[in-house]
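The values are calculated or read from the model by the stated rules, or taken from the named source; none is laboratory data. A quick note: this is a predicted structure, and the numbers were derived from the prediction, not measured. Don't worry about glycine lacking a Cβ; one is built from the backbone with ideal geometry, like all the others, and counts go over all protein chains shown. Side chains included, ligands, DNA and RNA excluded: accessible areas come from the protein's heavy atoms. Shrake-Rupley method; radii C 1.70, N 1.55, O 1.52, S 1.80 Å.
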Amino acid sequence: MSFNLTHIWAHMTPLNKGIAFLLFMMAVSFIGVTVERLIAFSRSAKESRGFAMQAGKLLEEWKVEEIVALADTHKSSALARLFGPIIRRYIHAFEDLGEGGLSPVELARNEAGRRAEAVGEELRRGMNVIATVGSISPFVGLLGTVVGIIGAFASIGSAGSAGIGPVMAGISEALIETAFGLMVAIPAVISFNYLSARIGAIETALGRSAGELLDELENHFGRSGAKREKHAA
């Protein structure tokens, strides 16, 4: 029997065709998420580099209000989405410094933790789709194979033919479903592992940058406190 996909598709049962279509849709979904994530990461990295260069200069001059405004213009930058709320929280706490138990730096640190979680969730958007496709597509393909084999034997039984040729032809056509499932699963697993590693690297870089920012805020707050004490004396 020649390997002819058109012939195989024509001889599939409606249920097998439905399973094959489901595998096709799973392939489309994970490819779409992968491409979207790669584009989002590339755009974020590009904007983050530009934001970091400008924000670094503003931070040296302690123009933190301008950093907040700058962060609002870099919507696609993960770094800007992290820095903006942290500095904004620090500024509000510093301007409203009262009898609260937490200092502006501590409040900014708490905000950093919350924002890091939010940014992490955004980075992982759609990853559950890729993980699901990679884990269940082989089983969906196997289901198609089992259904195809059952259909092949049922056809043989109804026709009253027990020759090995019809049996092998039906089994070979049914095994296409398993092959299709593996063809979907293997790239999905590779994509998931690659994107997970890239997300981990991004989160590490963001954590390091947030730590450096908090050090600068704490240093400035310490100098400001010393000045206030000096003036009070």
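Considering the range 110-169 alone, what residues qualify as being among the hydroxyl-bearing types (Ser, Thr, Tyr) and modelled with pLDDT of 90 or more? If you could, list the steps in order and put the result at the bottom.
Of the range 110-169, the ones among the hydroxyl-bearing types (Ser, Thr, Tyr) are 132, 135, 137, 145, 155, 158, 161.
Matches in the range 110-169: 132, 135, 137.
Residue-wise test of (1) at pLDDT below 95; (2) out of contact with any Pro (no Cβ under 7 Å at 6 or more places or on another chain).
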| position | (1), (2) |
| --- | --- |
| 33 | no, yes |
| 62 | yes, yes |
| 93 | yes, no |
| 102 | yes, yes |
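In the range 97-115, the residue that is farthest from residue 196 (Cα to Cα) out of those that are open to solvent by 50 Å² or more (accessible area, probe 1.4 Å) and aliphatic (A, V, I, L, M) is 97.
Out of the residues in the range 116-136 meeting the condition of being assigned to a helix (DSSP H, G or I), charged (D, E, K, R) and open to solvent by 80 Å² or more (accessible area, probe 1.4 Å), tell me which one is farthest from residue 215 (Cα to Cα).
Of all residues in the range 116-136, those assigned to a helix (DSSP H, G or I) come to 116-123, 127-136.
This time we only want the ones that are charged (D, E, K, R), so: 117, 121-122.
The next check asks that each one be open to solvent by 80 Å² or more (accessible area, probe 1.4 Å); those that pass are 117, 121.
Numbers: 117: 20, 121: 25 Å.
The qualifying residue farthest from residue 215 (Cα to Cα) is 121.
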